[in-house]
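Please treat every number below as a calculation from the coordinates, not as lab data. Bear in mind the structure is a predicted one, so any value in this text is a computation, not a measurement. Using ideal geometry, Cβ is built from the backbone for each residue, glycine included, and neighbour counts are taken over all protein chains shown.
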Amino acid sequence: MATETEYVDAGEAVDFRNLSPGYVGNAPDVAKGVNYDRILKAREAEPHNWLTYYGGYDGQRYSLLDQINTSNVKDLKPAWVFQCGSVGMHSGASTYSFEASPLVVDGVMYVTGWDGWMWALDAKTGAELWRYHRASPYDVSLCCGNVNRGCAVADGKVFMATLNAHVTALDAKTGALVWDQVFGDVRAGESATVAPLIVKDMVIVGSSGGEFGVRGHADAFKLETGERVWRCYMVPEPGQPGSETWPADGEAWARGGGNCWITPTYDEELNLLYFNTGNPCPDFDGGVREGDNLFTDSVVAVDPDTGEIKSHYQYTPHDVWDYDSTMENILFEMDGRKCSGHFDKNGYFFILDRTDCSLIRVVPFVDRITWGEIDSNGKVTARVFPDKEGDPVHFWPGPAGAKEWTHAAYSPKTGLFYCPVQDVGATATRRRRDFKESIPYWGAGVAVDTEDVSGYVSAFDPATGQEKWRFTQEHPMTASVLATAGGLVLTGGPAGKYWAFNDTTGELLWEFSCGSGHHSSPSTYSVDGRQYIAVPVGYGAWTEGFYPGALAQAGGAALFAFALPE
Amino acid sequence: MEGETRVTATVDESVMEGLAKQNGVTLGRVLGRGNVGMAEEGSDGKMHATVRIPLDELVFDPGVLILPHAGDLELEIINDDNNSHCAVLPSNGDSKFIWLVNFSKGTATLQLDGPGYYWYGSRTGNDEGRGLTGTIVVTGEVPDEAKLDRPPQPRP
């Protein structure tokens, strides 16, 4: 062995990113002027940008850009591709997925990946301007894979939630950390996958962990400093409004779930955030939590200034099918009325009056619903559910729902909603178990169907609840939909194809094979007058839950930017 | 044993030893084995530790390094092997990389959250598969303000 004095000096370890050819290290200072007012007017005032998670506070995922349209979309080609592999071992090595929605500010794209990745890219060329990689514990509890759904931008900073339930603020020019706050307890089974939302001078996040018996909550922090403003629990403690829907004795409420792991929508006039909440816990064993279990599986309208719950609507009372309602409430106007539209895991499309969360209309949007029935007045009748210990029951939709978390879109131009639909059943067998922090707390064994499944993209008229068109294929649909003023509806499938449809007829106009399945929320933007469609590609996550027939689908780590030839 | 289901035969001690060495039972050393070490608190507010790569063992020693809490770690890495290796180490912001030629030593400053554990490895050839994959374990709890407002719950 060499002696001490003979050692070669290896120096100080360097940042790994500096060994990446083409790495720039900084971005133009475009995010400095992004603020609440700009985000409020984002869609109309600056359609070339995609400033916030859904493209606007209303959650419509609709763009006014129309350069790419029904007449020329056939010529759409990849303009550039950004690839990110991984080095070493990371959590959820087999379940990572590229689920983000890229934000774009004046030619700079901000996009998150799995495992703590955040990149700033040149939106015109795909060049990597900077990267931030949050070290993520290998052993964090993740029910549904190593994923992240996106970031928020304001005040010269980019905000990202981490797997271990931190919210971080990064300098938008360099990616350097500005502040860091912890908002969840990983020892309790909490984590975070949500894309933050900027509202006023706050950044809003929500917790994950509904399969581990946590108590779901949303949190608000000051943009500038990271100082905590409020926390809002989605399951009340004894004595609070809603606590009467939980057993009076015991601690079922304390393990009750109701996580909000998807970004809320926001109505500035009503000054209300619309959080959607996840399943009650344990997912399938309702016997230990008799009652409706508020505010799980609900839309919860929250005052952003105080974190106080103002109103709610529960889509699936006393859920025993794992029917999270975390997916978006899309805000829209109908007959001069402030409404919201929501496609729930339980297979029903709900139109609410969003001023008080009262029901206007409810209709089924998937062909097979056997778990129960919701009548036109919203009355819920459960029919098939795991009840007796050890007794298997089969029901449609399965626990991933008739629509997973991936988002629908709404076009004000057509007045139609566009929904990615999964028609997949499952068998659940109740297996009661003790609760222990950080251990999965389902209360059942579950096997999702691998055969007799299908999927479709459907267009719905909220005025009538009628389906206007449908594009059917053999795979459950697991990617968000994007609608544009170019008359297009775009989404992708599990087998890798990315499609463009005519928004009025449903005619398939264009497709491109991306090499891995789609499980993300693409966005659109323009730079120097050229429109792009940004599509993160990388199938995975809770595949065994929404489409086990695609468990062997190739993973991916690419972001495609499509554009018309110059 | 009577009344119990036996799922495996008793493993001979030599087989156990063979799992922890190069070209014994396996081709490399099975991951997650080796010595366990603890970082020390420094007067500079950082934690300090040394990890070595012993001659012909293709492992980091200690294989499991424990930090008493989240924070900054100043890690000395010494390659006592007569081959070149490297390390890609976890740290908030970006991984840290250091190249380690035969008989070299260097340092890495890491910033890690806790609780939880992290893998790191030598990304050259299949060093990682042969055994040059170590863990850093961060102990402790999250801050009180991040915890759930509920009565204490049972843990496994």
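At-a-glance table
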{"read-out": "Spatial extent of the range B:1-92: Rg and Dmax, with the Cα atoms as the point set, Å", "value": "17.7, 58"}
{"read-out": "Relative packing of peptides A:222-231, A:186-195 - highest average C-beta neighbours within 10 Å first", "value": "A:186-195, A:222-231"}
{"read-out": "Packing-based order for A:321-331, B:67-77, A:382-392, using average beta carbon neighbours within 10 Å, highest first", "value": "A:321-331, B:67-77, A:382-392"}
{"read-out": "Backbone HN-Hα couplings from phi across the range B:11-24 [Karplus 6.51/-1.76/1.60, Hz, Gly and Pro as x]", "value": "8, 5, 4, 5, 5, 4, 5, x, 6, 9, 9, 7, 6, x"}
{"read-out": "Over 13 Å [Cα-Cα, the range A:366-437], rounded percent", "value": "74 percent"}
{"read-out": "Segments A:456-466, A:413-423, A:355-365, B:80-90 sorted - mean Cβ within 10 Å per residue, highest first", "value": "A:413-423, B:80-90, A:456-466, A:355-365"}
{"read-out": "Mean Cα-pair separation over length for the range B:27-140, i.e. relative contact order, pairs under 8 Å, 6 or more apart, %", "value": "30 percent"}
{"read-out": "Cα-Cα pairs of the range A:332-395 separated by more than 17 Å (percent)", "value": "49 percent"}
{"read-out": "Cut-off under 5 Å, modelled amide H: who pairs with B:THR133 long-range", "value": "B:PHE60"}
{"read-out": "Rg [Å, one decimal], Dmax [Å, integer] - the range A:1-109, C-alpha atoms", "value": "21.9, 74"}
{"read-out": "Amide H contacts under 5 Å for A:TRP130, placed H, 5+ residues apart", "value": "A:GLY25, A:ALA120"}
{"read-out": "Test item: A:249-256 mean partner chain Cβ contacts at 10 Å", "value": "2"}
{"read-out": "Cα Rg, Dmax, the range A:516-566, angstrom units", "value": "14.0, 43"}
{"read-out": "For residues of A:130-142, the mean tally of beta carbons on other chains within 10 Å", "value": "5"}
{"read-out": "Descending semi-axes in Å of the range A:279-402, equivalent ellipsoid built from Cα gyration tensor", "value": "26, 17, 11"}
{"read-out": "Modelled label reach - A:VAL384, point 7 Å along Cα→Cβ, the range A:423-458 residues with backbone N closer than 16 Å", "value": "A:423-430, A:446-454"}
{"read-out": "Sequence-distant lysines (8 or more away, or on other chains) whose Cα lies within less than 16 Å of A:LYS468", "value": "A:LYS413"}
{"read-out": "The range B:82-156: mean projected area of Cα convex hull, nm²", "value": "7.3 nm²"}
{"read-out": "Convex hull per residue volume in Å³, alpha carbons only, for the range B:27-140", "value": "89 Å³"}
{"read-out": "The range A:296-370-the range A:69-129 distance, computed between alpha-carbon centres (Å)", "value": "31 Å"}
{"read-out": "Mean Cα-pair separation over length for the range A:398-499, i.e. relative contact order, pairs under 8 Å, 6 or more apart, %", "value": "28 percent"}
{"read-out": "Translational diffusion coefficient (Stokes-Einstein; Kirkwood radius from C-alpha pairs) of the protein assembly as shown at 10 °C, 1.306 mPa s, in µm²/s", "value": "60 µm²/s"}
{"read-out": "Values of log10 I(q)/I(0), in the order q = 0.13, 0.19, 0.27 Å⁻¹, for the range A:45-111 under a Debye, Cα-only, solvent-free model", "value": "-0.58, -1.00, -1.27"}
{"read-out": "Percentage relative contact order, the range A:375-446, counting C-alpha pairs under 8 Å, at least six apart", "value": "32 percent"}
{"read-out": "Shielding by partners - mean other protein chain Cβ count within 10 Å, residues of A:158-164", "value": "1"}
{"read-out": "Loop sites in the range A:410-485: GluC sites (Glu not before Pro), DSSP, at most 11 other Cβ within 10 Å", "value": "A:GLU451, A:GLU474"}
